1. Condition test on Leu273, is it farther than 21 Å from Phe189 by Cα and not in a loop (DSSP other than H, G, I, E, B)?
2. Among the residues in the stretch 216-233, are any modelled with pLDDT under 95, under 20 Å from the mean Cα position of the chain (by Cα), under 17 Å from Val290 (Cβ atoms) and surrounded by fewer than 16 Cβ atoms within 10 Å (Cβ to Cβ)?
3. Among Ala63, Ala56, Ala28, which is the only one that is at pLDDT 95 or above and farther than 23 Å from Gly261 by Cα?
4. When you go through (1) closer than 14 Å to Ala216 by Cα; (2) touching a Lys or Arg at 6+ places or on another chain (Cβ under 8 Å); (3) surrounded by fewer than 19 Cβ atoms within 10 Å (Cβ to Cβ) one by one for Tyr258, which number turns out not to apply?
5. Within the stretch 53-71, how many residues are under 9 Å from Gly292 (Cβ atoms) and basic (Lys, Arg)?
6. Asp171: surrounded by fewer than 21 Cβ atoms within 10 Å (Cβ to Cβ) and either more than 21 Å from Gly291 (Cβ to Cβ) or among the polar types (S, T, N, Q) (or both), yes or no?
7. Conditions first: (1) in contact (Cβ under 8 Å) with a residue 40 or more places away in the chain; (2) touching a strand residue (DSSP E or B) at 6+ places or on another chain (Cβ under 9 Å). Gly60 passes all but one, so which condition is the exception?
8. Pick out the one residue from Leu177, Leu172 that is part of a loop (DSSP other than H, G, I, E, B), at pLDDT 95 or above and under 25 Å from Asp99 (Cβ atoms).
Amino acid sequence: MTDDDLSIDEKRVFSSRSGKTEVFVAAAVGVVVVDVSDDRVGGFHVDHRCTARDVAGRDGRIAVATDEDVLLAPGYEATGFGPATAVGLADDRIVAVGDDGRVGTLPFASALGTDGDADVETDVDADADTGTGTDADAGPWRTVGRVDGARGVDALLVATADGVRRIVGGDLHPAGLSDVRDVAAAGPFAATGEGLFYLGNGWMEIEAGEWDVVDATPDRERAHAAGVPGVRRRQARDGGEWRAVDLPLDGPPVGFAYGDGFVCTVTGDGTFLVDAGDGPRTQALGLRGVGGIAVP
């Protein structure tokens, strides 16, 4: 498939040209890979057919939550978790939420068939002192707790209807707020039905309103949020202030992902946008049921 032919194609296509980044989109048709070079949207193709509900990328890894299992790209190997609604990647492990609300973790060492495990915590300082974890499951996945109304996962944080939950060792702890739609562990930031928050001396409100999406780079240099009030952008070089940004999108973003010098997003109906600093470029992918976006 050439860059001029932008119809979805199942044929596996990889380019070796310098400067290209592959962006992964979770959709009802499967995992779609979009080639991005600076602010240019190139070809895209279905990399793996499945019902992809969520996707996470970190440190060169991609994990996908599907209606059958959690998969690891590029081979889309099954991990044995079972049906999942959300997935995230921490420094040393995969975090997934099942259809039944089960929250599980899988060390990369186990996923890759090697030995070793480590406990890594976020810097969230919750006042709760009791966990909800269970004994380790048979197999490599460990159940750390259960939640109702899970909305998203980032690193060791889980967004739920009942608030933020954080994984500490082998347990799941409440960490405040309510009606949480999304979390970004690098802030930490939280998008809720009442406002956009960051964690300082407790959860501090950035802006009131109904917010659905928040994402940030691991170094905290860039962050984005989207909801009823619109789209907001935070950049460290601007003093860390959240500023309104107008994106040429007909629908709300389902998430943001960051590459080397660019940010991209996608709407639920498959409109893809990339901005490398010279203005946003969009491309209709012709997808339905888009659930997430990630850059490895």
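The values are calculated or read from the model by the stated rules, or taken from the named source; none is laboratory data. It should be emphasised that the depicted structure is a prediction, and the values quoted were computed from it without experimental measurement. All Cβ positions, glycine included, derive from the backbone under ideal geometry; neighbour counts span all protein chains shown.
1. Spelling it out, Leu273 is indeed farther than 21 Å from Phe189 by Cα and not in a loop (DSSP other than H, G, I, E, B).
2. The answer is no, given that none of the residues of the stretch 216-233 is modelled with pLDDT under 95, under 20 Å from the mean Cα position of the chain (by Cα), under 17 Å from Val290 (Cβ atoms) and surrounded by fewer than 16 Cβ atoms within 10 Å (Cβ to Cβ).
3. Result of the check over Ala63, Ala56, Ala28: Ala28.
4. Going through (1) closer than 14 Å to Ala216 by Cα; (2) touching a Lys or Arg at 6+ places or on another chain (Cβ under 8 Å); (3) surrounded by fewer than 19 Cβ atoms within 10 Å (Cβ to Cβ) one by one, Tyr258 breaks only (3).
5. Here the count works out to 1.
6. When the stated conditions are applied, Asp171 passes them.
7. All conditions are met except number (2).
8. Residue meeting the stated conditions: Leu177.
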